[in-house]
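This report concerns only the one structure given below.
The values are calculated or read from the model by the stated rules, or taken from the named source; none is laboratory data. Bear in mind that the values here come from a model prediction, so they are computed numbers and not experimental data. Every residue, glycine among them, receives a Cβ derived from its backbone with ideal geometry; neighbour counts consider all protein chains shown.
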Amino acid sequence: MYDVIIVGAGPAGSTAAKHTAENGLDTIILEKQKLPRKKPCAGLVSQRALNNLEVEIPESLIKRRCYGTRVIYKKHVLESKLDSQVGIQVSRSEFDYYLVQQAANAGAKVLDNTLVNSVYEDKDYISINTNEGLFKSRFLIGADGVNSVCSRYISGVESGKKAFSLNSDVPVSVEYINSRYSDLTEVDFGIVKNGYFWAFPKDIHISVGMGIFGNTSKSKPLNAYKANIKNKGFDYKKPQGHFIPIGGYKRKICSSRILLAGDAAGFVDAFLGEGVPYAIMSGKIAANTIIETFKDNNFSDDKLSDYVKKCDDAFKENLKYSLIFSKLFYRFPSIFATMLTNNKTMLDHALLVVKGESGYKQFVRWLVPRFPYYIMKILKNRSIHRLRSNN
Ligand SMILES: Cc1cc2nc3c(=O)[nH]c(=O)nc-3n(C[C@H](O)[C@H](O)[C@H](O)COP(=O)(O)OP(=O)(O)OC[C@H]3O[C@@H](n4cnc5c(N)ncnc54)[C@H](O)[C@@H]3O)c2cc1C
């Protein structure tokens, strides 16, 4: 019997495994895919994520450093750049594999090609049924992503509300990337209802994708994606569709012996779909919660419930406010996206939120008193445009 079984070798699972193994717990990761596995992702690992990682990322894994962004809404375009790094651009397959290797170096066993079909919680242990047979452990961390088997077991549903995304890596020349993007990401809020289109430059390709955070029935995502690829002058490469949990909603994330981390727990920014920082943070908190139960030799039923409070303290507020902002922004894009693409101070502040130097709560609180003035400016500009075009 293992002390801890971790389902899933993404950033949440590997971070958790590294910590439990380092602290002497007999740990195994069960991963359904062959490692290194493919992970569809825009590939921006923000400074917020790196600050929580406690692992130095080797230069060879960094495809590009990101210092800023270019935001587009219809005819409006605005850029913002910080003096310090907002994050790094990586290939998620390489980045995630590096994290799994760190967990293995710390002493965790890693079993790939092992699909967890079901889990069952007994009074003193967990049984895990896989294609490789039955495993047992004292505790389990469900880090098995957006379609989590573990989440379905403890809450009866998968990880709740989800966004839909399309993504592909489009090969382009280095010269093109350097001249058009350099160290900027590009996001366009004028392409699809309830979401945005991204172009995140790497070394020899660009991750091009689209996330939709509301109803997709009127969005015709694939048509919008194809049209925009053409408009932006990229070669069309068939995108893959994926779901991303929408964070900020209340979800059941623990039982007596199971903790959910990362996407399985729904820990994702509801405005942009950024999940790596919260996967890392929750993986670490889950591991520490289990390490403490072993240290205290306290295996009582409610011991793991501390996990909820610790996650709340670490990032609940940020996810809650990302959801509030997301709902407002995508409901009224002609107001908010126009503001963001015309107001450098606002965009600078938004970039600090992505970097992790500020949070959504601070951002929303900063915006509220300025909102009437910013709205007046937009309306004034619109009347001037109207007058000019009538003359
Ligand atoms: C298109 C797209 C773009 C994104 N872009 C960004 C971005 O730029 N920056 C960012 O921060 N976030 C981004 N995200 C979100 C980010 O990818 C996730 O939030 C993050 O990967 C969550 O990490 P995780 O460890 O919880 O889950 P995952 O990384 O999804 O890992 C879960 C692992 O569990 C394994 N697994 C699943 N089910 C089972 C099972 N039954 N048995 C065994 N193993 C199983 C999977 O194979 C997988 O390896 C993006 C997501 C998508 C879909």
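Looking at segment 204-220, can you tell me whether even one residue there is farther than 30 Å from residue 60 by Cβ and of a type in the set (A, V, I, L, M)?
yes
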- Going through segment 36-90 in order, the residues found to be at positive phi, at pLDDT 95 or above and surrounded by fewer than 15 Cβ atoms within 10 Å (Cβ to Cβ) are none
- Note on the structure: Scanning segment 259-295 for residues that are away from the ligand (no atom under 13 Å from the Cβ), surrounded by fewer than 23 Cβ atoms within 10 Å (Cβ to Cβ) and in contact (Cβ under 8 Å) with a residue 40 or more places away in the chain gives 288, 291, 293, 294
- Any idea how many residues of segment 156-196 are within 12 Å of the ligand (Cβ to nearest atom) and touching a strand residue (DSSP E or B) at 6+ places or on another chain (Cβ under 7 Å)? 13
- Given (1) loosely packed, with under 15 Cβ neighbours inside 10 Å; (2) not in a helix (DSSP H, G or I), number of the condition residue 357 does not satisfy: (1)
- Item | Where residue 307 falls short, out of the listed (1) away from the ligand (no atom under 13 Å from the Cβ); (2) farther than 27 Å from residue 26 by Cα | (2)
